[in-house]
Amino acid sequence: MAVTNYYSVGGRIIGEDTSGVRLDYLTDALGSVTATVDQAGMVQNTYRYKPYGSLLAKTGGGTDPEFLWTGVTGSRTTGMAAADQYNRRRHYGTKHAGWTSPDPLWPKEHAYSYVNCRPTTFSDPTGLICQPAISATGHWKTCDAACCTNKSIPVCKSHKCCTFQYAYEMTYTPTYAGCQNCVYYQWFTDYFGAHAGKQSMDPEFGGGWPVATLPNPKFPYVDKPGDGTHDSCNMPVVGCPSFKFVSQYQVCVCCKDGSACATITTTATLSRCKKISCVVATAVKMSSSKSKSVCDSAQKSRLYQHHICAGNEALSGKPHLN
C-alpha cells in the first residue's frame, strides 16, 4: 500500500510525496488548490470552485489530492455525498453550503452557516471561525481635588499646591474562541506634564511582552492603574491652576487568524483645584484592518514601562523599542 507524506510551511500544506513521486500545489488567496504540478514543473490538473466549495471545472487527468477547496489549511475531501469535506473539527457539505453539525459556539455563532455567508473572502480551517473581540470598561472610584499647603512636599512649604486624588478601575475581557495562537497586549499613553504623549507598557502582568498568552486564568481582568494621589508621586501643581490629565489605554487580542483592538480614555479636568470632573469614555473598537496593523506593530517592537508611581518615588525616562 502506497504511503503519502505531506509537506507544509507555516502550517499550510504545499505538496505531497507518494512512493517517491512529488506533487506540488498551486493555491489561491483562500488556500484552495488551483493546480497540481509534477517534479518536472509540468501542470497536471487545474481546479475551479463555486463560492461554497463545489467543483466548478477541472482539467487534466492526474490523480486528485485529498486537499482541494481551502485544502492547504488542512481541509480534506472525504468522498461522502453530503459531508464531502472535513475541517479538523466538523464535516462540511459543499453541495448544501453548510456544516453537518452545529457550531460548538452556538448560539453565539450561527449553528450551520459557513463563515457568516462570506465564503469568497474568508475560510474556516478549524470548523470554528475566528472572531476575536476585546471588551474594555472602566469607572472612577475616587475623584477629588484641593488647594492647600502640603508640608510634606518641599516646594509646598512656601507655596500653595494643588493636590488631587484619583482611583479608577478598568475591566478587560478578551474573546478568542475558535482562534489560534492568541496573545494579549496592553499599554497606555499619558498626556500630562513631562510625560505628554509617552507610550508605556502596563506592568500589571509582570512586564512580559506580549503581556499574556491566551487562554489565561486572569481574565476577565480587573486593572487598577489609577490608584493613588499625585502628591505621593512628588508631582504637586503649584499655584492652583486649571489643567487636564488624560490617559488612553490600548488593549489588543492578537491571534494567528484574527485581531481585535480597542482604546479607552480616562480624563480628569481640574478647575483651579476647586472642583474636578472625571470621565471614563466608552471604549472605541478598531476595525479589523486597523487591529491587524496594530497587532503586527506590537509583535515587532516592545514598549518598556517608563513611569511608575510607587510610594513616594517617581521613575521616568523615554520608552525604548527593540
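The values are calculated or read from the model by the stated rules, or taken from the named source; none is laboratory data. This structure is a prediction, so every number in the text was calculated from the model and none was measured. Note that each Cβ is placed from the backbone with ideal geometry, even for glycine, and that neighbours are counted across all protein chains shown.
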- Look through THR120, THR137 and report the one residue that is in contact (Cβ under 8 Å) with a residue 12 or more places away in the chain and not in a loop (DSSP other than H, G, I, E, B). THR137
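Only one residue in VAL253, VAL246 is surrounded by fewer than 20 Cβ atoms within 10 Å (Cβ to Cβ) and either outside any loop (DSSP other than H, G, I, E, B) or at pLDDT 80 or above (or both), so which one is that?
VAL246
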- Every residue from segment 120-137 that is on the phi < 0 side of the Ramachandran plot and either touching a Gly at 6+ places or on another chain (Cβ under 9 Å) or acidic (Asp, Glu) (or both): SER123, ASP124, PRO125, THR126, LEU128, ILE129, CYS130, GLN131, PRO132
- Message: For segment 16-52, give me the residue count where each residue is in contact with a strand residue (DSSP E or B) (Cβ under 6 Å, 6 or more places away or on another chain), assigned to a strand (DSSP E or B), more than 25 Å from THR120 (Cβ to Cβ) and not hydroxyl-bearing (Ser, Thr, Tyr).
- Response: 5
- Message: For segment 27-42, give me the residue count where each residue is surrounded by 15 or more Cβ atoms within 10 Å (Cβ to Cβ), hydrophobic (A, V, I, L, M, F, W, C) and either modelled with pLDDT of 95 or more or farther than 16 Å from THR73 by Cα (or both).
- Response: 3
- Item | Output for segment 258-295, where each listed residue is surrounded by fewer than 21 Cβ atoms within 10 Å (Cβ to Cβ), over 16 Å from PHE188 (Cα atoms) and within 15 Å of the chain's Cα centre (by Cα) | SER287, SER288, SER289, LYS290, LYS292, SER293
